[in-house]
Amino acid sequence: MENTSAKDLAEKLFYKKKTASEVFDESDLETADSYAKDYAMFIDSCKTEREAVDYTVDMLSAYGFKPYHLGMEVYQGDRLYVVNRNKMLIAFVIGNRGVEDGFRILAAHIDSPRLDLKQHPVYEDGGICYAKTHYYGGIRKYQWATTRLALHGVVTLKGGRRVNVVVGEDEGDPVFCITDLLPHLAKEQNQKTLGAAFTGEGLNVILCASPYTEDGKAAEVDNAVKLNLLSELYKRYGITEGDLVNAELCFVPSGRAVDVGFDRVLLGAYGHDDHVCAYSELTAFLENLDGDNSVMCIFADKEETGSDGPTGMQGRLMIDIIDEVSRTLGSDPIKVRSLSKCLSADVAAAYDPNYPDVFEKANSALVSCGVAVAKYTGAAGKSSTNDCPAEFMREVADILDDAGVIWQTAELGKVDAGGGGTVAKYISRYNIDTLDIGVPVLSMHAPFELISKYDLYSAHKAFSAFCKN
Ligand code: MN
Ligand code: MN
């Protein structure tokens, strides 16, 4: 030590965060950019969990994947998937070593915050026909007024038929909208807190603003505007107001992913949380189909509302598949689980220089500094978190370093600023080592979220390295 200069010693001992721009070269830039273009196609086509499932099943089929049902015989090399109630997807491949070393599990979610229609949504007031909504997930309500909205979802009909609905995405489609108050009349509203100025019951979406006509004149019936809307729905989909009771329809921001900024490094879109991790884990999974490891790729539903229900990660499906597959292959499911390892792939809050007060910079993820690893999440005194053991954290860190992945750590803002969780704790409870990792996002949960293409590509590389190890 005595002969070492302070400068060299500092070089040796200090931790320095690598930025992607320091380590990415020109060809990486091109790779990250072209990868992001494919991702943009995915996110544009997959605004709801059902759409993500349909799109991904098509992709999996192209790779020779076949549907799996519990109890089915499985063999080494099998490429299988389960679609759970059209809203959750679990794909897996049996590696050359079978399941004796457990599964490598990648788990992301494919639901995003949005405005669901209520079961009796349609009403008319002041010559305008509206839809009542009930927001899904954590939204800041003011962000949804005066935003262009598209209608997505399904209506189930008697006898099991299903009608798919997407309006507001194609060129020439109408969009839908929630109005906001003009500033001239907002004196009283301006005195309210941000949280109180917009209410859930105020998020009513304009569907139609002209009456049904008969013989060239406005029809002389009550609720003629509502009748006009319902007649349009009947014409398009053959559905009545009563059918809306048995529907899952929602409003999401209309429009496509788009580059942000002159350098085009940021990508703006609705639903990066968590499509950005879902897509990067999927491409990593598809890159590692013929390896030694058995790998599982999970697209979960209901993360934004607590992972409850049969399609959320608190449901049993992942465990039932591991247990059944293990038994079929002659392995002890309990042992298989104990040897399995999981990356809980979900987005991190990126440090936002516009709101420095809620972040502690040294422990926040910075945009374009790589995929972000979170040892723990939770709120206040780390409550409600999977706190990844240092041993597994090191194991993953070594995998990422050895594969040349740019990564950083992330904590969700300042200690007492708020908090949040992921599906990690619903997986680790089964004796499966689990670590949170994902892409940093600016304006998380807003109708238009931002990510860095560098970080997106780092996530893909991280997940791919994990599948191999
Ligand atoms: Mn998420
Ligand atoms: Mn979220």
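Here are some notes:
- For the chain, taking a cut-off of 4.7 Å between Cβ atoms, the unpaired cysteines are CYS46, CYS177, CYS250, CYS277, CYS297, CYS342, CYS369, CYS388, CYS467.
- A Förster radius of 35 Å combined with the Cβ-Cβ distance from ASN354 to GLN189 puts the calculated FRET efficiency at roughly 0.90.
- Heavy-atom surface of the chain, accessible at 1.4 Å and reported per residue (Å²): 47
- Placing a pseudo-label 7 Å from each Cα along the Cα-to-Cβ vector at ASP38 and SER383 gives an inter-label distance of 4.4 nm.
- Packing order of peptides 66-78, 41-53, highest average first: 41-53, 66-78 (average count of other Cβ atoms within 10 Å over each peptide's residues).
- Kirkwood Rh and Cα Rg combined as Rg over Rh, evaluated for the chain: 1.01
- Each other residue within a Cβ distance under 13 Å of SER294 adds +1 if Lys or Arg and -1 if Asp or Glu, for a net charge of +1.
- Compared with the dominant Cα axis of the chain, that is its longest principal axis, helix 49-62 is turned about 50°.
- Cα-based shape type of region 114-253, given that a ≥ b ≥ c are square roots of the gyration tensor eigenvalues and the cut on a/c is 1.5: oblate
- Rounded to the nearest 10 degrees, the inclination of helix 224-237 to the longest alpha-carbon principal axis of the chain is 50 degrees.
- Sequence-distant contacts, meaning Cα pairs under 8 Å at least 6 residues apart, place the relative contact order of the chain at 22 percent.
- Taken along the Cα-to-beta-carbon direction at a fixed 7 Å, the label points for LYS18 and LEU182 span 5.7 nm.
- Highest mean first, the peptides 59-65, 335-341, 298-304, 280-286 sorted by other C-beta atoms within 10 Å per residue fall in the order 298-304, 280-286, 335-341, 59-65.
- Filter on LYS47/LYS425; LYS302/LYS341; LYS132/LYS302; LYS37/LYS132; LYS87/LYS192; LYS37/LYS235 - keep pairs with C-alpha separation over 28 Å: LYS37/LYS132; LYS87/LYS192; LYS37/LYS235
- For ASP387, neighbours were defined as the other residues whose beta-carbon sits under 11 Å from its Cβ, and their charges (Lys and Arg +1, Asp and Glu -1) total +2.
- Counting DSSP beta bridges with both ends in the chain, the antiparallel % (nearest 5): 70
- One chain, two ends: GLN143 and ALA62. Fully extended at 0.36 nm per residue, the span grows by 25.3 nm beyond their Cα-Cα distance.
- At full extension, ASP416 and ASP263 could sit 51.6 nm farther apart than now, given 0.36 nm per residue minus the alpha carbon distance.
- Taking other residues whose beta carbon is less than 14 angstrom from the beta carbon of ALA362, and scoring Lys, Arg as +1 and Asp, Glu as -1, yields +2.
- If the convex hull is drawn through the Cα atoms of region 271-404, its volume per residue in Å³: 158
- Extension gain (nm, one decimal) between HIS69 and ASP292, 0.36 nm per residue minus Cα-Cα: 78.0 nm
- Ranked by how many other beta carbons lie within 10 Å on average, peptides 105-112, 119-126, 31-38 from highest: 105-112, 31-38, 119-126
The values are calculated or read from the model by the stated rules, or taken from the named source; none is laboratory data. All figures in this text were calculated on a predicted structure; none of them were measured in a lab. Here the Cβ is made from the backbone with ideal geometry for all residues, glycine too, and neighbour counts use every protein chain on show. Protein only, heavy atoms only, side chains kept; ligands, DNA and RNA dropped before computing areas. Shrake-Rupley method; radii C 1.70, N 1.55, O 1.52, S 1.80 Å.
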